[in-house]
Every structure is written in structure tokens, then in C-alpha cells.
Amino acid sequence: MSRTEPAHRDIPVNLVTGFLGVGKTTTIRALLEQRPQDERWAVLVNEFGEIGVDGGLLADTGVRTEEIPGGCLCCVSAQMFTVGLNRLIRQQQPDRILIEPTGLGHPAEIIRTLTAPPYDTALDLRATVTVMDARHLASPRHREHPNWNDQIAVADVLIANKADAWSEADREALHAFVAGLPAPRPRVIETREGHIDAALLDAARLEHGGALFPEARAFLAATADTGHDHDHDHNHTHEHEHDHAPASDTGDWVVIDNRGDGFVGRSWRFPTSTVFDHAALEALIREQDADRLKGVLQTERGWQQINRVERDGGLEALATPPDTTPPRLELIRAESGDRGGREELEALNAVDRALRRAARLPADD
């Protein structure tokens with residue numbers, strides 16, 4: 001199937017968007033558990049890092065996951081996105097597609113792509129589900145971030161997740177915030193661990209004035225003028241492939257750095273033979289104050305998943321993933337503003353050295 005020849009079926013499609021660490025992948029897992037047995041669903045994941053992790057976190061769901069690693073959704077019109085989407089349509093012929101954009105992306109661009117030819121005749125874009133954490137309402141770093149605002153603005157259903165961790169002030173702030181949103185307001189669901197009714201996927205789409213927040217309109221105007229160029233610096237520290245190569249038992253670690261939207265990240269992909277010391281890995285995770293740390297790794301106690309937000313979350317046992325799932329890890333943190341990024345680089349290198357010690361390998365100084 002070519003870029004201009006998707007399958008001509010009205011396949012329901014939903015975006016599940018939201019900022020870093022709010023529980024998008026957890027929400028998708030909860031939705032997949034409600035999948036009708038006679039339906040084939042598929043998930044398309046776009047990640048900030050060049051080495052996808054969320055696909056590994058969804059590997060045990062039995063649902064086909066297509067990963068589009070490597071950045072912000074300002075790149076969504078790039079060929080990798082359309083190739084990945086076309087591959088899902090052609091190979092899986094799914095009855096529904098869930099799309100999880102990176103937490104640092106503008107969902108407005110993907111909405112435009114899905115509602116324009118050729119996808120407008122092949123796909124049926126349904127409710128956009130935005131996941132948020134009410135505690136972020138007290139954080140200027142979130143409230144002033146244009147992507148955070150855009151994600152809220154395109155919501156048809158607003159999932160206020162992690163309600164068990166809120167204070168009463170957080171809940172009052174959420175109610176006041178929703179009351180201040182322009183009409184039509186999204187339906188708001190307070191929940192924990194991403195538990196929502198899958199029937200919400202078929203909620204009515206709202207008319208948001210083109211579903212674009214002012215920042216998104218400015219962004220789209222800029223990209224229309226400049227094409228694919230944008231301001232994000234994708235700084236890759238090692239040569240790497242953009243394809244989905246099978247896991248290998250040999251070879252060096254793949255380490256890739258990424259930067260954009262006020263955040264820096266490092267992604268690691270390890271040979272499948274890499275086994276980490278469980279206690280050392282657990283200690284390393286506890287020391288991290290990154291905004292996001294997620295991964296799928298093997299220790300002497302079996303496979304483990306890491307799904308840490310700021311200082312919350314650690315190792316959790318995971319069913320053995322398919323052989324095509326390599327061990328991998330991604331760390332994302334806010335830019336520190338230090339000149340030349342030397343402090344950021346040293347902090348990331350310190351994590352790399354600790355990982356090598358946990359894997360009982362000599363440090364790569």
C-alpha cells in the first residue's frame with residue numbers, strides 16, 4: 001500500500017494523548033483489556049526517544065503495536081508516520097487503531113493528517129482522549145507549556161488520572177480549570193490507573209474551532225511556510241538505524257540522545273543477552289529525579305518493566321516479551337539551562353556508567 005492508497009475502510013481511530021508521565025500507556029492497557037474478543041485492535045506509538053519503549057510495555061497485551069520512535073509530532077507528516085500507519089492498515093486490517101503520540105508533541109498536526117486525504121476516506125477519527133494529572137495545574141512548567149495546552153484543547157474526553165494521589169486543593173483546581181475552558185467543554189472523567197470505560201472511545205467529537213489551540217494554529221502556520229524544518233535539535237550521539245531491527249545477542253549498546261521542547265533524553269537499547277543485577281538496577285532507579293524513566297529490562301529475577309514518573313515508580317515484574325523485543329530504557333528530563341549542556345551530558349553519562357556496573361560491564365569512559 002502506498003502513501004496515497006490506504007485501505008478504503010472506515011476504521012475507527014482514537015488519539016490517546018497527554019503530557020509526560022500522566023498514564024497514557026496505562027490507559028491504553030486498560031482499554032485493550034476491554035477489547036471485544038471478535039475485534040482486532042492495533043496501537044501506533046510515537047515516542048520522543050529514537051528507541052521506542054512503550055511497544056515493549058504493551059508487548060504482553062497480544063495486540064499488534066507499531067512504534068514510530070524519534071520525536072515530536074511536528075514530524076508526524078514525515079514518511080515514517082505514514083509508513084507505520086499504512087503498515088498497520090495493510091497487515092493487520094484492524095477493527096480499531098489507538099494512536100499514542102509522544103507526551104512532548106502537538107496532537108493538532110496528527111489530527112490534520114488523519115482527517116485529510118487519503119486517510120479521510122479510510123479512517124473514522126473518533127474521540128480524542130487526553131490524559132492529565134490535576135497536580136500539574138499547580139506547575140507553571142506544565143501550565144505554560146504550549147504542548148500541554150494543545151493537548152487539553154483538542155480533548156473530546158479529558159481523563160483526570162491518578163486521582164488517588166491528589167489533594168483536595170488539586171481536585172478543586174481541576175474543577176475550576178474545567179469550568180474555565182471554552183465551550184464546548186470535554187467530558188471529564190476522574191480515575192486512577194487509567195481505568196476508563198472503552199465506550200468513551202466512541203464519544204462525540206467536539207467542534208473546537210478546527211480543534212486547534214492558538215499555539216497549534218501558529219505552529220501549523222509555521223510548518224506550512226517552512227515545510228518539515230523545525231526548531232528541535234535531535235542530537236544523536238551514536239550512529240543508528242531508524243528501522244525496527246530484530247533483537248541481537250551480540251554487539252554494543254545503542255545509545256542515542258534527543259533534545260526538544262525544553263527536554264533532553266537518552267535512550268538505550270541493549271543486546272538481548274544483557275542481564276542486570278536486580279538490586280543494583282533498583283538502587284539506580286531510586287536515585288533518578290528525571291521527569292520520565294521507562295524501560296523493559298532483564299534481571300536475574302526475570303524480565304522487569306520500569307514506569308517511573310519523577311520519583312514515583314520502580315521495577316515491576318513483566319511477562320517474558322517476544323523474542324523481537326530488545327531490552328531498552330529511556331530517560332527524559334527537563335533542560336537545566338547550563339551553558340553548552342555540559343551538566344546534562346555528565347548526568348546522562350553517570351547513568352550510563354551505573355547501568356554498565358549493574359550489567360557487570362566495564363564503564364565506557
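The values are calculated or read from the model by the stated rules, or taken from the named source; none is laboratory data. Note that the coordinates shown come from a computational prediction; the quantities given were computed from them, not determined experimentally. Heads up, the Cβs are rebuilt from the backbone with ideal geometry, glycines too, and the neighbour counts pull from every protein chain shown. Note: accessible area is taken over every heavy atom of the protein model, side chains too, but ligands, DNA and RNA are not part of it. Shrake-Rupley method; radii C 1.70, N 1.55, O 1.52, S 1.80 Å.
Applying both filters, DSSP loop and at most 16 other Cβ atoms within 10 Å, to the trypsin sites (Lys or Arg not before Pro) of the range 254-316 gives Arg301, Arg311.
What FRET efficiency, computed as 1/(1 + (r/R0)^6) with R0 = 22 Å and r the Cβ-Cβ distance, is obtained for Arg357 and Ala319, rounded to the nearest 0.05? It would help to have the intermediate numbers written out before the result.
Numbers: r = 27 Å, r/R0 = 1.23.
In this case the efficiency is close to 0.20.
Using a Förster distance of 22 angstrom, determine the FRET efficiency expected from the C-beta separation of Ala165 and Glu343, and round it to 0.05.
Values: r = 30 Å, r/R0 = 1.36.
In this case the efficiency is close to 0.15.
3J(HN,Hα) couplings calculated from phi for the range 115-120 with the Karplus curve 6.51 cos²θ - 1.76 cosθ + 1.60 (θ = phi - 60°) are, in sequence order, 9, 10, x, x, 6, 4 Hz; Gly and Pro show x.
At the residue level, Ile196 shows approximately 10 square angstrom of accessible surface with a 1.4 angstrom probe and all protein chains present. Computed with a 1.4 Å probe on the full set of protein chains, the accessible area for Trp148 sits at about 10 Å².
In this label model, Val83 and Thr121 are separated by 2.5 nm, measuring between points 7 Å along each Cα→Cβ vector.
What does the charge count near Glu39 come to, summing +1 for each Lys or Arg and -1 for each Asp or Glu among other residues with Cβ under 9 Å from its Cβ? If you can, show how the numbers build up before the last one.
Numbers: positive: Arg35, Arg40, Arg96; negative: Asp38, Asp95.
Local charge sum for Glu39: +1.
Taking square-rooted eigenvalues a ≥ b ≥ c of the alpha carbon gyration tensor, is the range 83-142 rounded, prolate or oblate, where a/c under 1.5 means rounded and, failing that, a/b exceeding b/c means prolate? It is prolate, given that a/c is not under 1.5 and a/b is the larger ratio.
For Glu190, the residues whose amide H sits under 5 Å from its own are Ala160, ignoring neighbours fewer than 5 places away on the same chain, with H placed 1.01 Å from N. Note on Ala334 and Asp289: the model spin-label points, each 7 Å out from Cα along the C-beta direction, lie 1.1 nm apart.
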